[in-house]
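In what follows, a structure is listed as structure tokens, so that the remarks can point back to it.
The values are calculated or read from the model by the stated rules, or taken from the named source; none is laboratory data. Worth saying up front: this structure is predicted, and the values here are computed from it rather than measured. Cβ: placed from backbone, ideal geometry, glycine included. Neighbour counts: every protein chain shown. Heavy atoms of the whole protein, side chains included, go into the accessibility calculation; ligands, DNA and RNA do not. Shrake-Rupley method; radii C 1.70, N 1.55, O 1.52, S 1.80 Å.
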Amino acid sequence: QVQLVESGGGLVQPGGSLRLSCAASGCIFTIDAMGWYRQAPGKQRELVAVITSVGSTNYADSTKGRFTISRDNAKNTVHLQMDSLKPEDTAVYYCNADVKRTFDVRVMNYWGKGTLVTVSS
């Protein structure tokens with residue numbers, strides 16, 4: 001099995017910063033893309049940012065220039081540095097990864113349980 005565990009959420013004032021982290025563990029051979037998604041109350045889950053195993057990144061238009069995604073392949077971790085936060089960034093943030101498990105040729109997609117980010121004064 002593979003587990004993704006997020007950390008770093010919390011309450012922050014508008015204009016502030018937070019850094020989210022996600023650690024993948026379990027029977028992992030390699031991890032392809034890793035990413036962050038978010039779901040605000042009453043809205044659908046949406047892509048925030050994604051990074052490939054070689055470091056190529058893609059961001060939602062709403063987060064470009066404010067958020068930075070990074071990863072440590074040796075530690076199977078992905079991070080999201082969020083700056084200039086706005087109230088509309090309030091959501092549950094989910095980690096996502098495409099994982100090839102040990103002794104399995106398939107690439108499986110996994111989700112973390114999410115961490116709440118609240119941007120409010």
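Quick look at the values:
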read-out: Test: residue in the range 2-11 that is assigned to a loop (DSSP other than H, G, I, E, B) and either open to solvent by 20 Å² or more (accessible area, probe 1.4 Å) or without any contact (Cβ under 8 Å) to a residue 60 or more places away in the chain (or both); value: yes
read-out: Set D89, D72, D104: member being under 24 Å from G15 (Cα atoms) and of a type in the set (D, E); value: D89
read-out: Elements of type strands (runs of 3 or more DSSP E) in the range 17-112, at least 1 residues being touching a residue at least 40 places away in the same chain (Cβ under 8 Å) and surrounded by 18 or more Cβ atoms within 10 Å (Cβ to Cβ); value: 18-26, 28-39, 46-51, 77-82, 91-101, 107-111
